[in-house]
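The values are calculated or read from the model by the stated rules, or taken from the named source; none is laboratory data. Since the structure is predicted, the reported quantities are computational estimates derived from the model, not experimental observations. Cβ sites come from the backbone with ideal geometry, for glycine too, and all protein chains shown count toward neighbours. With ligands, DNA and RNA removed, areas are computed over all heavy atoms of the protein, side chains included. Shrake-Rupley method; radii C 1.70, N 1.55, O 1.52, S 1.80 Å.
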Number of protein chains: 2
Amino acid sequence: MDQNSLPPIQTTARDDAVLKALVGFVRAEALQPGERLPTERILAERLKVSRNTVREALTRWEGLGLVERRQGSGTYLKAAVSPDMLHMPLTLAGGNDFTSLMQTLEIRRALEAEAAALCAERASQADIAEIARKLDIMEQAFRTREGMSSEEDWEFHQAIYRVSGNPLFEQIIAAMHELFHRFWEHPLGVRDFGHASFPYHRTIYECIAARDPQGARAEALKLIATVEDDLKRGAAKLKLSSQT
Amino acid sequence: MDQNSLPPIQTTARDDAVLKALVGFVRAEALQPGERLPTERILAERLKVSRNTVREALTRWEGLGLVERRQGSGTYLKAAVSPDMLHMPLTLAGGNDFTSLMQTLEIRRALEAEAAALCAERASQADIAEIARKLDIMEQAFRTREGMSSEEDWEFHQAIYRVSGNPLFEQIIAAMHELFHRFWEHPLGVRDFGHASFPYHRTIYECIAARDPQGARAEALKLIATVEDDLKRGAAKLKLSSQT
DNA sequence: GTGGTCCAATGGTCCAACCAATTTCTGCAT
DNA sequence: ATGCAGAAATTGGTTGGACCATTGGACCAC
């Protein structure tokens, strides 16, 4: 017997049902992000459930960033909803903590390499031209400002994720990038943070233009490795300075 | 008199305060994942807030995957908590269609390979023994039930993610695993789905036990490749059957 | 042991208020 | 009419109390 043939019975799932009904409502009314959805009291009455249950459901959506509640005003849609959304709550310990940054880099290393390889496989001529444009902008910003510009750098990488044909790359890395950003602004005392990664942007591009997935993957790995080195240097420096 | 002994009345953000207090409690008691935390009624009484407020707070933690509630039993810690956790709730508009599943597989391929490699680098003897145990259970389930058991298979992979030392692997892949589960409920007519992946579980383990990161990475890639093939076969079959 | 029954503990839901922030309306002075 | 301060209505946030459904252990008869 296959235990999968006996799915666990589910007698109650009130708040889940509320959310499902709410998805249906949003679609039926074609609600756009920013619009207000019915008050908790109305929802409770219409769905024939307690207001508490409605609140628990909305609390879940609020935690997922799908909705925003304003006391005295109402509850507002914050993002598009669809019947089969995939929720990926990521939690990592510590903010500027070295370990968590290193952990995000391990994830990014895996995804960046894969995205670069896929990009090299799938890029059209137009895609390659677009990436070249972002690369030029980044390189020019690097020369005029004499240092890595996180803004233009990010644009370049995003172009690669987009061309990879898989939107998940951009979304996942974007979530972690946000975390990285605050720290990027004021690096850990490493003056030329990210400097070493500069040349690899062009080598990645050249591999993509040459339709060389393995090369693109290798160059992406080298790029992340330089960032990891910078991070380790910064951590060592920080450790020294905190030893009074 | 110590003014710290006066519980400051925050007019707003009650449930946030509850979570902060809960973080303090978990650290003070050194609660490990899997352990039970106080009942809602006790928390409400101790923190001098309503039980509903406690519930809203716990609902948020449940949504973040930090905690699991079992009716009639209690609320259990599911992950380590720290005062300065960073949450990145990421919701993706997915679907049960072939394309979405393929996209999640591309992400999983990247992460699975990296996790296997890191695991091979970092595994202690105890870790290796634990993975061997999960592997045995899985192989036995395979033989007795003559087919891949998603439950035991998942346990094996989770063990690898855990040993990798980076909780993000488990978190991200777990979210995508959930999506796959839905799909498994509605099988695409491929009877022996996942069958081909079976032998690679042992080869991955052997590479890990031999502390061979590159080998582990290669075997993990082969495993994912078999799943991709199964998926493609299922999609082709579905396409045929839908052509009336 | 095995299988039942009972019972206390616990999360899930409900109700009916009241509080706090916000928005809307009202009415008066200009 | 206009502007604006204050009242009133609206809405999310909180409270306390009650009951239901599930769980898991204790106890008992067989």
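Here are the numbers:
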{"item": "Inter-site label distance for B:Lys78 and B:Ala28 at 7 Å from Cα along Cβ, in nm", "result": "2.6"}
{"item": "Kirkwood estimate for segment B:47-146, i.e. one over the average of 1/r between Cα atoms, Å", "result": "18.2"}
{"item": "Inter-label distance for B:Ala210 and B:Arg143, nm, one decimal - labels placed 7 Å from Cα along Cα-to-Cβ", "result": "2.3"}
{"item": "Shielding by partners, peptide A:77-88 (average Cβ within 10 angstrom, other chains)", "result": "6"}
{"item": "Å³ per residue enclosed by the Cα convex hull of segment B:116-166", "result": "61"}
{"item": "Segment B:61-95 residues near the modelled A:Ala175 label - backbone nitrogen below 16 Å, point 7 Å along Cα→Cβ", "result": "B:61-67, B:85-95"}
{"item": "Shielding by partners - mean other protein chain Cβ count within 10 Å, residues of B:107-119", "result": "4"}
{"item": "log10 of Debye I(q)/I(0), alpha-carbon scatterers only, for segment A:8-77 at 0.11, 0.15 Å⁻¹", "result": "-0.25, -0.46"}
{"item": "15 Å reach of a label modelled at A:Thr99, 7 Å along Cα-to-Cβ, counting backbone N of segment B:155-170", "result": "B:162-169"}
{"item": "Exposure of A:Val23 as accessible area (Å², to 10), given a probe of 1.4 Å and all protein chains", "result": "20"}
{"item": "Accessible area that becomes buried as B packs against A, both chains, 1.4 Å probe, Å², nearest 100", "result": "4600"}
{"item": "Whole-percent carbon and sulfur share, accessible surface of segment B:53-160, 1.4 Å", "result": "45"}
{"item": "Residue-normalised accessible area of segment A:8-77, given per residue in Å² at a 1.4 Å probe", "result": "61"}
{"item": "R0 of 41 Å, Cβ-Cβ distance B:Glu228-A:Thr39: FRET efficiency to nearest 0.05", "result": "0.30"}
